[in-house]
1. Restricting attention to segment 76-111, and to residues there that are of a type in the set (D, E, K, R) and part of a loop (DSSP other than H, G, I, E, B), which single residue is nearest to A125 (Cα to Cα)?
2. Out of (1) open to solvent by less than 30 Å² (accessible area, probe 1.4 Å); (2) over 21 Å from R279 (Cβ atoms); (3) at pLDDT below 95, what's the single condition that is false for T219?
3. Being among the charged types (D, E, K, R) and either within 26 Å of P340 (Cα to Cα) or buried (at least 23 other Cβ atoms within 10 Å of the Cβ) (or both): is that true of D408 here?
4. Going residue by residue through segment 247-256, is there one that turns out to be farther than 26 Å from L189 by Cβ and of a type outside the set (D, E, K, R)?
5. Would you call E270 under 25 Å from T352 (Cα atoms), open to solvent by 20 Å² or more (accessible area, probe 1.4 Å) and within 30 Å of the chain's Cα centre (by Cα)?
6. Under 6 Å between Cβ atoms, at least 6 apart or on separate chains: pull out the pairs that start in segment 354-380 with a residue that is open to solvent by 40 Å² or more (accessible area, probe 1.4 Å) and end on any residue that is assigned to a helix (DSSP H, G or I) and not small (G, A, S).
7. How many of the residues making up segment 731-759 are more than 20 Å from T459 (Cα to Cα) and at pLDDT below 75?
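The values are calculated or read from the model by the stated rules, or taken from the named source; none is laboratory data. What you see is a predicted model; the values in this text were computed from it and never measured. Every residue, glycine among them, receives a Cβ derived from its backbone with ideal geometry; neighbour counts consider all protein chains shown. What goes into the accessible areas is simple: the full protein's heavy atoms, side chains included, and nothing from ligands, DNA or RNA. Shrake-Rupley method; radii C 1.70, N 1.55, O 1.52, S 1.80 Å.
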Amino acid sequence: MNRFARVLCAGVLLGLTFVTTYSSHTQIHAQESASTPALAAHDLNAGVFAAQSQLILSNQDAAQAGIDRADVALEIIAPMFASDPDAVAEFQTYLDEARVAVETGDNIALAITKASISTTILGAAYRQTIAAVQSGDLDTAAAWLLVREYRPTTRFSGPNAKATTALSALSTGEMTLDDALLAISADLLDAYQGQLDAAVVDAVQAEKSGYPISQAEATSRAKGYWQIVAPAFETQHGADARLAVDQTFASLVAAAVAGDTATFDASIAEAQEILGQFRAAPMTDEERSERAHQLIQFLGLIPVEYKRGVNGTTVTIPLEIEEAKAFSEAAGAAFADIRPALNQIDPDATKTIALGLQSLDQQLADARARTTVVESSVIADAVNALEDQLRTVYPTEWNQSSSTADFDVVATLLDQVLAATAAGQYQQAESARLQAYAVFETGPEKHLLGFAPRLAQETEALFWAGNGSTRGLQVAIADHAPVAEMQAILAELDKVLAEGKQRLGADRPGNASIIFNSATIVFREGLEGILILASLLASMVGANRIYKKPLVVGAIGAFVATVILFVLARTVLLSLGQYGEKLEAVVSLIAIGVLLIVMNWFFHKVYWTKWIAHHHQRRRMLIRGAAGQFLGLAILGFTSVFREGAETVLFLQAMVLDAGTWTVVQGVLLGLAGVAVVGALVFFMQAKLPHKKMLIITGFMIAFVLVTMVGTTVHVLQVVGWMRITPIEHVILPYWSGVWLGLYATWEGVIAQVLAVVFVIGSYFAAEWSHERSQRAKIEASMATHSSGALSPDS
């Protein structure tokens, strides 16, 4: 035993020696590592947090140790605030109050002090960051920038790191000092205003739940965040207004401590009213326009989701109601961002809109809780009224489309796809996918086609059949793919969409790329116009050559009309953007009908001669008509060219909105030069071309166009929900097959194209058979006539 006791004692002494040495080393190391602002601030907050945790457990000694730890951290961080001695004095005052709270066991007082210390650190760090940037000490600025918080993240907004990127750009000379200061200040102020809004909400929830400690801490946090953004408020509204708001937040904290519900509710209402009309970091014109567009987009999605989730006044699909509520919250967040600007335009209308949004959100909350469920028409009417009110008060530029804003809406809808998939509701997932694609196709895709065609193609492929290595979203949903695969597909799609948004934003391609793309569009459409015009002019030879002039005049008139349409398109045609897919579907169906008639003209010998005769008869009628010959031929030239011109204008509008008119016009001029060269060659050589053979070749080309258009039209009909989608299992077609052949991996599209081919070939042979039968009948009739003539008495 003696030996064992000696060994045990030696072991204990050795252990104590090791622990003491380790603790001393750790303390020294902690002091050394806390030499950075971020670590020192962390230690200061951690000490007070430990004190609060232990005091709640009624362990005052441990709580006192936490305050001691905070004192040590303050000694370390104090020299770093040499230029801001008032901040150090505030820290010391709050720590003294915290020590008293621990000694008296006052949890509410300690909670208030804890929140005051954390927000005071953030405010002081913000000032130190700005001062360091102004003095050119970017290393110190970067160190202080680590002592920050971010705007609370939601499914509709992620954390903002513009301050970090701005500081990096300033260090590399990519950003000026003034721009960097503006970006850093805007980022931090926006984050703290977001935290201020969240603290007010937390205070309300804590009061409703009966948690006085949490309520007091939340009100103290709100007051602290307010002190950070208050200078910006004072700049915008004056010192007297700021003092009034200071008093509001002070009353809020006092009411929480005293348990004065009436004063608390009044102070909360006043604070929310003030914050709803104030932005610490004013948004740029582009940011306001983007948020305004998102507000309209999110509002438009609410009745769609709600209608799917109810049957009369009964909730049938809770997930859809949840999504409608989420879109309402997103709309509310967007409105809060632009409300200060709207107040300056029409404060009364803005207040009416705010009340309407609150009422709508409450209706959705009631439906989610199953307390009161209104019919879908009520929600639709409320949204329509809000949209009309918003469009009325919006400045003109806010009512224009925003491709970058649409990216955020698409991302939100893709989140809905994943949520529906996780719930096993693949039909709802497909509906969300179609919504996301519709938003992408009518907005961002048109812009990407001008700036980054590759990204437009990749995104389109991922929405549908896939890109070869990754299955498309539509195919995966149809196959009821597992959640893990859906996550992988959506991650790939999010990556491509993020790159597309970046290309349309900061990484927008240079003017040379835009000029080339617009020139390509003009050249491609111009060639179609040249082909049609050349066909019309081909028969006007010899004595009729003089009648080419009115035809050319009509074509020139179409060119002038196209230019006028180009100017008007920014205001007139953009209003039809929301109907883009449906209009395309209708026009495509009409075009198919026209092509079927043209096929009769070109492939059926039974119609061939009649068509040629009719063509020349029409031309002769126009030529011989005294009053109408010039007008008739001019109309022919006009309609032949204007169709292509109008289509070209629609293609170019997205690039005009993003790159500016002059940049696109340069590309248009380049494309027209190419068209002019080709046109000159065609028109000078057309007299030498075998006309009938040219028409036959053109006929085969139109047959190819017919089959392609049938596939494309079926695809569009599926996009707008007018035709069901049945994917071909285990078949992934490359993107180019859809672009050039209209071929997509769906049974409806493939069968329709096969039927089109069968129709063309079958009707051709049917016409041949009819033609041969007609010829035989003519021969037999001729022979019969000859025989009867030979047998007559007169012969």
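1. Going through the qualifying residues, I end up with D84.
2. Unmet for T219, out of (1) open to solvent by less than 30 Å² (accessible area, probe 1.4 Å); (2) over 21 Å from R279 (Cβ atoms); (3) at pLDDT below 95: (3).
3. On the way: among the charged types (D, E, K, R): yes; either within 26 Å of P340 (Cα to Cα) or buried (at least 23 other Cβ atoms within 10 Å of the Cβ) (or both): yes.
Judged against the criteria, D408 is a match.
4. yes
5. no
6. These pairs meet every condition: R368/I321; R368/K325; T372/D366.
7. Looking only at that region, the number is 0.
So that you can scan it fast, the table gives a plain yes or no per residue for (1) open to solvent by less than 30 Å² (accessible area, probe 1.4 Å); (2) over 17 Å from A230 (Cα atoms); (3) assigned by TED's automatic domain parsing to the domain that holds Q134; (4) touching a residue at least 60 places away in the same chain (Cβ under 8 Å):
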| residue | (1), (2), (3), (4) |
| --- | --- |
| G173 | no, yes, no, no |
| D179 | no, yes, no, no |
| L188 | yes, no, no, yes |
| Q193 | yes, no, no, yes |
| L196 | yes, no, no, yes |
| V200 | yes, no, no, yes |
| Q205 | no, yes, no, no |
| S209 | no, yes, no, no |
| I213 | no, yes, no, yes |
